[in-house]
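Structure first, then comments.
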Amino acid sequence: MSNVQWDESQPIVSIVDVHKSFGTLEVLKGVSIDVMKGEVICIIGPSGSGKSTLIRCINALNDIQGGSITVEGLEVHDPKLNKLELRKKVGMVFQQYNLFPHKTALENVMMAPIKVLKENKADVEKRARQLMAQVNLQGKEDSYPGELSGGQQQRVAIARSLAMNPDIMLFDEVTAALDPETVKEVLVAIKDLAQSGMTCILVTHEMGFAREIADHIYFTDRGVIVEHGPPATFFTEASDPRTREFLSQIL
Amino acid sequence: MLEAFSQYFVELADNYPRWNFIFFYEPRQWARIVKGLQYTLMLSFACVILSVIIGVVGAWLQNSPSKWVRRCVQGYIQFFRNTPPFVQLLFFYFALGQFTPSVTGPDGWTEVPIISNVGWAIISLSFFAGAFNVEIFRSGIEAVPESTQEAASALGFSRFQTYVEVVLPLAFRVSLPALNNNLVNLVKTTTQAIGIAVPELLYQCVSIWNDYPSALYPTMLLLFVSFIVLVGILVMGMSRWERATRIPGYGG
Ligand SMILES: Nc1ncnc2c1ncn2[C@@H]1O[C@H](COP(=O)(O)OP(=O)(O)OP(=O)(O)O)[C@@H](O)[C@H]1O
Ligand SMILES: [Mg+2]
């Protein structure tokens, strides 16, 4: 279909020396990350270190000033890129859920496939109901976001992204706005997804969770990656002093 | 029954000469009132619809990436909001009306302009109310969180789809109370069409009381009552719409 050459032996997401500034404030100062298909990677780091900015660059919600990002071989920041091609591949879940408040939970899930992919409504509804069940929300199909708890809204948001059949999911501190009791139900949904083979990139402050599901953990500070590794070694053998300090505060 | 009704007003006019409800017993005057009401209704309906369309399109253009498009919309708003609607009406009809081509009328020999006085009244009043509607919708749009629109674009919605599917439906609900006020004003402002001889209700009433000065009070009463009813219907319709579009668990 497209002339882009990509196969699964290459990284599905490749971030190479990315620089990003807001005006004069340089937020990303040369970040590189490779993600293979099916991998789950977690990005951790102190507030303001550029985690959200980085993850938003991956689906072109932010532009970049240097370096490159490719998703399945697509050059994300190529001005000629058809954004729709990118967004069909990459789903994103936000900290504040950002559901469409005027649509029911089921309609939220169905909207993009119908309006964007122009799929048949009956097929989409069937899939949407399955997704609602997958995130444990049977019976809430006809509730409006305003009638759902934070945890339930966040699971609808996950289902909504999944309805587009993405290859990669981005999660930006999706449990940060939730009560401790409801955090778990969202984490369970993400874990199921990760175990089903979905490529996931998560920004999270849930260290226990990161340790459990991540294949690789990256620690960012002031716009650079200062430490990374698989969880088994990352938490015990981190050599960078800033990482150790951060971990000691959090764990 | 109808006979008795007319008879009552004939006698009332005999006993109290200032209260000559002539349109209730003289068919020709009644026909004038009916025609006036028809024009007022038609003007109101057309201007409400058009001004809302202008508001929606204008608010969309106001968010255009092009600086010039935004400036044009801003200029339009400033002009129509800051000048008297009556002057706008006269300007459209007398000044712009001169430049529109004319065609041969139905009688085959008179020249009639392609835009009639009624047409100009609809155009000028719609643009007048539309300028306010642009501002009303804009503030509604500003109330829609950026993050909600971002979620839509992350799902692959284009800028236009996001506007139609997400921004407008939410902005509409926020805008309804202000829109309500503006449309009420618009319906009342249709009476200014008398200035270019549109035969709406005020025009007909003035004609009647010029012909029959004894009918002055009754025609004025009729005017007030008609507009109270007309605006009442509009307000009722709007609040019904407001209730129908209320989102459970969202907003006030
Ligand atoms: N739209 C923007 N305009 C200007 N500056 C911004 C913008 N977005 C983020 N920044 C700045 O960029 C820096 C990194 O922000 P970012 O949101 O990426 O941090 P973060 O690591 O996600 O932090 P947190 O853990 O608090 O979410 C911050 O200093 C922030 O103030
Ligand atoms: Mg963040």
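The values are calculated or read from the model by the stated rules, or taken from the named source; none is laboratory data. Fair warning: this is a prediction, and the values are worked out from it, not measured in the lab. FYI the Cβ positions are ideal-geometry reconstructions off the backbone, even for glycines, and counts take in every protein chain you see. When the accessible area is computed, the model is the full protein with side chains, heavy atoms only, and any ligands, DNA or RNA have been set aside. Shrake-Rupley method; radii C 1.70, N 1.55, O 1.52, S 1.80 Å.
Of the residues making up segment B:31-54, those that are crowded, with 19+ Cβ neighbours inside 10 Å, farther than 16 Å from B:VAL187 by Cα and not hydrophobic (A, V, I, L, M, F, W, C) number 1. Only a single item in (1) touching a residue at least 40 places away in the same chain (Cβ under 8 Å); (2) over 25 Å from A:GLU185 (Cα atoms); (3) within 13 Å of chain B (Cβ to nearest Cβ) is not met by A:VAL31, and it is number (3).
Looking only at segment A:20-34, filter to residues that are hydrophobic (A, V, I, L, M, F, W, C) and open to solvent by 10 Å² or more (accessible area, probe 1.4 Å); which one of those is farthest from ligand 1 (Cβ to nearest atom)? The selected residue is A:LEU25. Checked against the criterion of being within 14 Å of another protein chain (Cβ to nearest Cβ) and not hydroxyl-bearing (Ser, Thr, Tyr), segment B:98-110 contains not a single residue that satisfies it. Which one of these does B:ALA152 not meet: (1) within 9 Å of another protein chain (Cβ to nearest Cβ); (2) modelled with pLDDT under 95; (3) farther than 22 Å from B:ALA178 by Cα? (2) is the only condition that B:ALA152 fails.
Here's the yes/no breakdown for (1) closer than 30 Å to A:PRO166 by Cβ; (2) touching a Leu at 6+ places or on another chain (Cβ under 6 Å); (3) away from chain A (no Cβ under 14 Å):
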position	(1), (2), (3)
B:GLN78	no, no, yes
B:ASN82	no, no, yes
B:GLN88	no, no, yes
B:PHE91	no, no, yes
B:SER116	no, no, yes
B:GLY119	no, no, yes
B:SER124	no, yes, yes
B:VAL144	yes, yes, no
B:SER147	yes, no, no
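For segment A:49-79, taking the residues that are touching a residue at least 60 places away in the same chain (Cβ under 8 Å) and in a loop (DSSP other than H, G, I, E, B), the one that is nearest to the chain's Cα centre (by Cα) is identified as A:ASN59. Out of A:LYS37, A:LYS51, one residue alone is within 16 Å of ligand 2 (Cβ to nearest atom) and either open to solvent by less than 10 Å² (accessible area, probe 1.4 Å) or within 23 Å of A:ILE190 (Cβ to Cβ) (or both). It is A:LYS51.
Looking at segment B:137-147 only, could you name the residues that are closer than 11 Å to B:ALA171 by Cβ and either part of a helix (DSSP H, G or I) or open to solvent by 40 Å² or more (accessible area, probe 1.4 Å) (or both)?
Here is the first cut: in segment B:137-147, the ones closer than 11 Å to B:ALA171 by Cβ are B:137-144.
Listed by number, the residues that qualify are B:PHE137, B:ARG138, B:SER139, B:GLY140, B:ILE141, B:GLU142, B:ALA143.
Evaluation of A:ASP63 against the conditions (1) within 14 Å of chain B (Cβ to nearest Cβ); (2) crowded, with 20+ Cβ neighbours inside 10 Å; (3) not hydrophobic (A, V, I, L, M, F, W, C) shows that the sole unmet condition is (2).
Only residues that are at the interface with another protein chain (Cβ under 10 Å from one of its Cβ atoms) and open to solvent by 60 Å² or more (accessible area, probe 1.4 Å) were counted across segment A:83-128, and they come to 5.
Out of the residues in segment A:1-19 that are farther than 30 Å from A:GLY208 by Cβ and touching a residue at least 60 places away in the same chain (Cβ under 8 Å), state the one that is surrounded by the most Cβ atoms within 10 Å (Cβ to Cβ). Even if it seems obvious, please write down each step before you answer.
Residues of segment A:1-19 farther than 30 Å from A:GLY208 by Cβ: A:1-10, A:16-17, A:19.
Of the ones still in play, those that are also touching a residue at least 60 places away in the same chain (Cβ under 8 Å) are A:2, A:4-6, A:10.
Numbers: A:SER2: 10, A:VAL4: 12, A:GLN5: 7, A:TRP6: 16, A:GLN10: 14.
Here the answer is A:TRP6.
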